[in-house]
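The values are calculated or read from the model by the stated rules, or taken from the named source; none is laboratory data. Treat the numbers as computed from the prediction; the structure is a model and nothing was measured. Here Cβ is always computed from backbone atoms with ideal geometry, including for glycine, and neighbour counts include all displayed protein chains. Remember, those area values only see protein heavy atoms, side chains included, never the ligands or the DNA or RNA. Shrake-Rupley method; radii C 1.70, N 1.55, O 1.52, S 1.80 Å.
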Amino acid sequence: VQLQASGGGLVQAGGSLRLSCAASGGTVSNVHMGWFRQAPGMERAFVAAISRGGGMTSYADSVKGRFSISRDSTTVYLRINSLKPEDTANYYCAATTRTNFPPAQRESQYDYWGQGTQVTVSS
């Protein structure tokens, strides 16, 4: 399965964005999904995860209250409100075949990755 992230862009601080992650070549409706981000010079870090049915979510402490993950049958979304310059990063979606939720907040827990979409927040 291939994952395609989109929706990034250049936004002023305080603005909002909704990132999307669509799957092709297969389905992700029956697996848990997550979002990670990688800022320049930093390691890729967990942001949020959503269970395969969409009923459970998990967030990194640093984004709770501003980020919201959701999904429908074909696409996973990440809504980011009140954007801050420190949110500037390349955002990646990922899928895990592990059945426990939430998976540990590590890259190694995820099996399939999208190519990333760049979010740049200006102050």
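Other residues within the sphere of radius under 10 Å centred on the Cβ of Arg79, judged by their own Cβ, net out at +2 (K and R +1, D and E -1).
Accessible surface of segment 38-114, 1.4 Å probe: 45 percent of it comes from carbon and sulfur atoms. Across all directions, the average flat footprint of the convex hull enclosing the Cα atoms of segment 1-66 is 5.6 nm². Take the chain, connect every pair of alpha-carbon atoms lying under 10 Å apart with a spring to form a Gaussian network, then pick out the residue of Asn90, Asn100, Asn30 with the largest mean-square fluctuation. Its mean-square fluctuation being the largest, the pick is Asn100.
Diagonalising the gyration tensor over the Cα atoms of segment 62-103 and scaling each eigenvalue by 5 before taking the square root yields semi-axes of 22, 12, 11 Å, largest first. Once the 1.4 Å probe is applied to the protein heavy atoms, segment 1-41 comes out at 48 Å² accessible per residue.
The alpha-carbon atoms of the chain define a convex hull whose volume equals 88 cubic angstrom per residue. In a DSSP loop and with at most 14 other Cβ atoms within 10 Å, the trypsin sites (Lys or Arg not before Pro) in segment 1-109 are Lys64, Arg98, Arg106. Charge tally for Met56 (other residues, Cβ to Cβ under 15 Å; Lys, Arg +1; Asp, Glu -1): +4. The three principal axes of the C-alpha atoms in segment 36-84 carry coordinate ranges of 34, 21, 17 Å, sorted with the longest axis first. Each other residue within a Cβ distance under 15 Å of Gly116 adds +1 if Lys or Arg and -1 if Asp or Glu, for a net charge of -1.
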